[in-house]
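Read-outs: derived from the displayed coordinates by stated rules, not from any lab. Just so you know, these numbers come straight off a predicted model, no measurement behind them. Reconstructed Cβ throughout: ideal geometry from the backbone, glycine too, with neighbour counts over all protein chains shown.
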Amino acid sequence: DAGVIQSPRHEVTEMGQEVTLRCKPISGHNSLFWYRQTMMRGLELLIYFNNNVPIDDSGMPEDRFSAKMPNASFSTLKIQPSEPRDSAVYFCASRDPSSRGYTFGSGTRLTVV
Amino acid sequence: GQNIDQPTEMTATEGAIVQINCTYQTSGFNGLFWYQQHAGEAPTFLSYNVLDGLEEKGRFSSFLSRSKGYSYLLLKELQMKDSASYLCAVRPLYGGATNKLIFGTGTLLAVQP
């Protein structure tokens, strides 16, 4: 099992540019989560999907953020336009309802300059 | 709302025992998780408690008291590789949305020789 796969690992972009982060959950996991981690705020849940349907997006900070899950094996988190305060590590996680733990990907370190 | 508190930093000596506390206030309760996160890496699942009492897994144990909104993670026979951030996370239970995992800001543990 390859685990949760995120791309890119690192992204440096200029303010105002569009950023797209990608995630492939573990096969068979029907829940997918997007988190953002910063030193100040820790791990914050942005949005999560059950069976490809967005369930709770209350953590999405602004309309500049959007997330999609077109099928069970792929999700994107898009920031348009990006701002320096969006700089953080973005994690994707997935879960199988029969298991206890949530499995995290390696994260995407985003720097907006 | 949700509130999860844990100490920011702790220091312990190699070979010793350390206890990391976590208190929480959430809208309903459907389980408490502990995760370990080494610098620059993804969080990895350590333990899960949903009923009161102690869960033991090797050198790591986790305790839960639901009436007190309290948990601790106990690490025995500390090793240098245990130096990491330890994250307490709670799964609330409300409105049928039971899949959400809310994290505390983490406790950075430094193990010294």
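Counting every C-alpha pair in the range A:28-113, the share spaced more than 21 angstrom apart comes to 26%. Rounded to the nearest 20 debye, the dipole size of the protein assembly as shown about its Cα centre is 320 debye, using +1 on the Cβ of Lys and Arg and -1 on the Cβ of Asp and Glu.
With semi-axes defined as the square roots of five times the eigenvalues of the C-alpha gyration tensor, the equivalent ellipsoid of the range B:5-53 measures 22, 15, 12 Å, largest first.
Let me know the mean shielding of B:101-107 by other chains, meaning the per-residue number of their Cβ atoms within 10 Å of its Cβ. Working shown, then result.
Values: counts 10, 4, 7, 2, 7, 3, 0.
Whole-number average of other-chain Cβ neighbours for B:101-107 is 5.
Plainly put, the range A:25-71 has a radius of gyration that is 1.00 times its Kirkwood radius, both from alpha-carbon atoms, as the Rg/Rh ratio.
Placing +1 on each Lys and Arg Cβ and -1 on each Asp and Glu Cβ, with no other charges, gives the range B:50-113 a dipole about its Cα centre of roughly 140 debye.
The three principal axes of the Cα atoms in the protein assembly as shown give end-to-end lengths of 49, 40, 35 Å, sorted in falling order.
The ranking of B:LYS100, A:LYS24 from fewest to most other beta carbons within 10 Å of each one's beta carbon is A:LYS24, B:LYS100. Note on the protein assembly as shown: dipole from Cβ charges, positive end direction compared against A:CYS23, B:LEU109, A:THR13; the farthest Cα belongs to A:CYS23.
Can you give me the Kirkwood hydrodynamic radius for the range B:1-95, using every pair of distinct Cα atoms, in Å to one decimal?
Details: mean 1/r = 0.0726 Å⁻¹.
After inverting the mean inverse Cα-Cα distance, the result is 13.8 Å.
With a sphere of radius 15 Å drawn around the Cβ of A:ASN50, what net charge do the other residues whose Cβ falls strictly inside it have (Lys, Arg +1; Asp, Glu -1)? The partial results should precede the final answer.
Values: positive: A:LYS68, A:ARG95, B:ARG91, B:LYS100; negative: A:ASP56, A:ASP57, A:ASP96.
Net charge in that neighbourhood comes out at +1.
Could you compute the net charge surrounding B:LEU93? Neighbours are other residues with a C-beta less than 12 Å from the C-beta of B:LEU93; K and R count +1, D and E count -1. Mind showing how you got there, number by number?
Details: positive: B:ARG66, B:ARG91, B:LYS100; negative: none.
Once positives and negatives cancel, what remains is +3.
Would you tally the net charge around B:HIS38, using a Cβ to Cβ cut-off of less than 13 Å, leaving B:HIS38 out, and scoring K and R as +1, D and E as -1? Please report the intermediate quantities before stating the final value.
Numbers: positive: B:LYS81; negative: B:GLU41, B:ASP82.
The answer is -1.
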